[in-house]
Amino acid sequence: SKAEMGHTCRGTINLATANITVEDSCNFIISNGGAQTYHLKASSEVERQRWVTALELAKAKAVKMLEESDDSGDESVSQTDKTELQNTLRILSSKVEDLSTCNDLIAKHGTALQRSLSELEALRLPPESTDKIKQVNERATLFRITSNAMINVSPHPEDPTVGKAPTSMLSTVSLQACRDFMLLAQTHGKKWQKSLQQERDQRIRLEETLEQLAKQHNHLERAFRGATVLPASTPGTAGSGKDLCCPAKGDLSDEDDDNNEFFDAPEIFPMPDVMGHKNVHRLSPLPRRTGSNISGTSSDISLDEQYKHHVEDTKKEKRTRIPYKPNYSLNLWSIMKNCIGKELSKIPMPVNFNEPLSMLQRLTEDLEYHELLDRGARCESSLEQLCYVAAFTVSSYSTTVFRTSKPFNPLLGETFELDRLEENGYRSLCEQVSHHPPAAAHHADSKNGWTLRQEIKITSKFRGKYLSIMPLGTIHCVFHSSGNHYTWKKVTTTVHNIIVGKLWIDQSGEIEIVNHKTGDKCILKFVPYSYFSRDVARKVTGEVMDPSGKVHFALLGTWDEKMDCYKVQLATGDNGAEARPRAHEAEDSRMLLWKRNPLPKYAENMYYFSELALTLNAPESGTAPTDSRWRPDQRLMENGRWDEANAEKQRLEEKQRLSRKRREAEAARATEDGKAQLSDRGVPPRCPPQALILLCPPGTPYDPYKPLWFERKKDPVTQEMAHVYKGGYWESKEKQDWSLCPDIF
């Protein structure tokens, strides 16, 4: 209703009249007794009680404020406002007095005029004059009536025209209305003044709170910068023995703070010094770039010069820190509102949405828990081996729970290698084999007895409130000693709260892991999160069964924490049928398959990277020129230079588009040359394009894009077309012969 418009909003509950009831240990209800009811669920009984207590206190405060608002006293009105109000009322009273004076003058002169006209009419005058006098008298009477109606004053008792005019004409807008207005203003003026004073007080409180928060933020930032330091690489360097994440307190003087604008979080880049020093020293926080140094003519040392001198063996010591993520504000909705229903891989996005890793590096992160496959390779039972493969499958999602930023889309021909043969017994290679649709091929070999390969195509759709990411493709794992060949596919990843609220990630769907040699099978179910479910969040259940469908192991856990395995021991019923497993026997057989490694210290400032992820983009000598570590926009972003990274990203994308157009033009010329050659041979012009390409004469410049290290062939197990590693990369690395690599950066 109109009466509620000033204080009511649809979907809200007024705490002053709300009913707060507890439903059970974690749930409680807030209702206004009408159509609006909220069912709320806390994470624990203690948390629920904290909420209920806080709401009850807020309700008491709301009731008190409501009672105070009904009181029209002057206690909250300042003396200045009282004086102003009194002056306004005094002016209004003066105006009313002026109107009363005018009333008296009009009544006096009007009565005299009408009396004179009446006397003139009584005289004996020619008929023409008498008619004229009557006409003037009528007009004077109308003037008198109108004036009286305006000021609401009855005609003079001696006026001979009393009773001749209708009394209804005296009920128009009148002097009494002025008096009513003055009374109304005086009555409600205090309430208006009180409301205004409350708004002023609230604004002052908000300003004080904001100022206090700003001071606290500044104090905490200075304390953090002064209290934390990076560990020195060798004994004897400054700050040795301390956890170094930023410069020491003495490195940040007040003068430096006044002259430079720093990121909200300190920057660390523990890489070898380009001037020849081998120790890792503390670096000052990186100042924000301005227009004077954002161009390519900056006096900063270029990336090529930095990594040209990089010869340190990174295999000996892995980095544990990267520069902290700068606090850049970005309106997400301003970019995403035009992407609803579209394929996001075809939409250019700024690096503000990214993390400083490519999709190839994210794919390599699947090997973080490679020891699960090492243990599976040592299993004699294929069913037990399948349990470890299932745990490895679930573990690949553990790094996504806090990782709400998207990786860089790899350029066509981009590669990434991870050589951990000496430390962990495996080495891995990824290559971007297609751009539209984006597809990456991955191959990993381990001397511990297994091979992992996959080709993943990522499709994504933005649905307004959430973003769905659907990986397409099959993952293969082959154990060398037993010959067991396992395949499975990935589930759908959903990013929620794209528009409003904190981003969070969920996994949902089923994974079927099949052993193609024995026929064993494992069904994993990723339970989607539900607000009303009492189950633990991110729950995963699974069953390991033989070819006949008999369940031998049950799997239970979460995709972000751990997975347990229970041996199923079925008891025989009275009729010979198999009954359910006994609970205590299942608990006795519980075995921990996998548990997530803890995140590094200050991971929240480093994109929530795991220990492995922190090392993936570390500069490494001897890698291919197409390796993701050499990608300039990704490196600039890691260093916090996001404006330059966005400019570099546009340059790389434009370079890739020009390369594609060049290949298409060459393909068109090759097709035309093939048609001309075939026409000379008498081949019909309606010959399929494939035949034209195959029959092209030697020397034709047409050369369709083919991946350098992978080839597309039909998989004998799944009968799918997939890119399989054809070899040659590690041999080229050993020779340092990268002549076949394209220039993509």
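Select from segment 718-745 the residues that are among the charged types (D, E, K, R), more than 39 Å from the chain's Cα centre (by Cα) and within 30 Å of residue 488 (Cα to Cα) and list them in ascending order.
Kept after step one, since they are among the charged types (D, E, K, R), are these residues of segment 718-745: 720, 726, 731, 733-735, 737, 743.
Okay, now just the ones that are also more than 39 Å from the chain's Cα centre (by Cα), so 726, 731, 733-735, 737.
Across segment 718-745, the qualifying residue is only 726.
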Would it be correct to say that residue 675 is open to solvent by 30 Å² or more (accessible area, probe 1.4 Å), modelled with pLDDT under 90 and closer than 30 Å to residue 364 by Cα?
no
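Within segment 93-100, identify whether any single residue is part of a helix (DSSP H, G or I) and farther than 23 Å from residue 146 by Cβ, and answer yes or no. Spell out the reasoning first.
The first filter runs over segment 93-100 and keeps only residues part of a helix (DSSP H, G or I), leaving 93-100.
Still in the running and farther than 23 Å from residue 146 by Cβ: 93-94.
Scanning segment 93-100, I find at least one residue that is part of a helix (DSSP H, G or I) and farther than 23 Å from residue 146 by Cβ, so the answer is yes.
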Selection from segment 193-204 of residues open to solvent by 90 Å² or more (accessible area, probe 1.4 Å) and more than 14 Å from residue 65 (Cβ to Cβ) yields 200, 203
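Among the residues in segment 14-27, are any at pLDDT 80 or above, charged (D, E, K, R) and either out of contact with any helix residue (DSSP H, G or I) (no Cβ under 6 Å at 6 or more places or on another chain) or open to solvent by 70 Å² or more (accessible area, probe 1.4 Å) (or both)?
At the first step, the residues of segment 14-27 found to be at pLDDT 80 or above are 14-27.
Now drop any that are not charged (D, E, K, R), which leaves 23-24.
After this cut, where a residue has to be either out of contact with any helix residue (DSSP H, G or I) (no Cβ under 6 Å at 6 or more places or on another chain) or open to solvent by 70 Å² or more (accessible area, probe 1.4 Å) (or both) as well, the list is 23-24.
So far as segment 14-27 goes, yes, one or more of its residues are at pLDDT 80 or above, charged (D, E, K, R) and either out of contact with any helix residue (DSSP H, G or I) (no Cβ under 6 Å at 6 or more places or on another chain) or open to solvent by 70 Å² or more (accessible area, probe 1.4 Å) (or both).
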By residue number, the members of segment 459-473 that are among the small types (Gly, Ala, Ser) and in contact with a helix residue (DSSP H, G or I) (Cβ under 9 Å, 6 or more places away or on another chain) are 460, 464
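Take residues that are open to solvent by less than 10 Å² (accessible area, probe 1.4 Å) and in contact (Cβ under 8 Å) with a residue 24 or more places away in the chain and tell me which of the strands (runs of 3 or more DSSP E) falling wholly in segment 384-439 contain 2 or more.
Numbers: elements: 406-408, 415-420, 426-434.
Because the criterion is at least 2 residues that are open to solvent by less than 10 Å² (accessible area, probe 1.4 Å) and in contact (Cβ under 8 Å) with a residue 24 or more places away in the chain, the strands (runs of 3 or more DSSP E) in segment 384-439 that meet it are 415-420, 426-434.
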Restricting segment 499-541 to residues that are in a strand (DSSP E or B) and out of contact with any Ser or Thr (no Cβ under 7 Å at 6 or more places or on another chain), the residue that is least open to solvent (accessible area, probe 1.4 Å):
522
If the Cβ limit is 9 Å and pairs must be 6+ apart or interchain, which residue in segment 518-536 that is of a type in the set (Gly, Ala, Ser) pairs with which residue that is assigned to a loop (DSSP other than H, G, I, E, B)?
519/546; 519/547; 519/548; 533/527
Of the conditions (1) farther than 22 Å from residue 367 by Cβ; (2) not assigned by the TED database to the domain that holds residue 629, residue 524 clears all except one; give me its number.
(1)
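Looking for whichever is over 30 Å from residue 390 (Cα atoms), within 16 Å of the chain's Cα centre (by Cα) and either crowded, with 19+ Cβ neighbours inside 10 Å or at pLDDT 80 or above (or both) here; the options are 354, 331, 338, 327. Which one fits? I'd like the intermediate steps shown before the answer.
Numbers: 354 fails: over 30 Å from residue 390 (Cα atoms); 331 fails: either crowded, with 19+ Cβ neighbours inside 10 Å or at pLDDT 80 or above (or both); 338 fails: either crowded, with 19+ Cβ neighbours inside 10 Å or at pLDDT 80 or above (or both).
Only one candidate qualifies: 327.
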Hits in segment 609-650 - residues which are assigned to a loop (DSSP other than H, G, I, E, B), out of contact with any Phe, Trp or Tyr (no Cβ under 9 Å at 6 or more places or on another chain) and buried (at least 18 other Cβ atoms within 10 Å of the Cβ):
609, 610, 617, 620, 641
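Which one of 465, 461, 447 is touching a residue at least 60 places away in the same chain (Cβ under 8 Å) and open to solvent by 50 Å² or more (accessible area, probe 1.4 Å)?
Details: 465 fails: touching a residue at least 60 places away in the same chain (Cβ under 8 Å); 447 fails: touching a residue at least 60 places away in the same chain (Cβ under 8 Å).
Matching residue, one of 465, 461, 447: 461.
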Within segment 487-504, track down each residue that is within 18 Å of residue 525 (Cβ to Cβ) and of a type in the set (Phe, Trp, Tyr).
488
Unmet requirement for residue 380, which otherwise passes all of (1) out of contact with any Lys or Arg (no Cβ under 7 Å at 6 or more places or on another chain); (2) open to solvent by 20 Å² or more (accessible area, probe 1.4 Å); (3) touching a residue at least 60 places away in the same chain (Cβ under 8 Å):
(3)
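The values are calculated or read from the model by the stated rules, or taken from the named source; none is laboratory data. In this text the structure is predicted, and so the values were computed from the model without any measurement. Glycine gets a Cβ as well: all are built from the backbone with ideal geometry, and neighbour counts include every protein chain shown. To get the accessible areas, we keep the full protein, side chains included, count just its heavy atoms, and leave off ligands, DNA and RNA. Shrake-Rupley method; radii C 1.70, N 1.55, O 1.52, S 1.80 Å.
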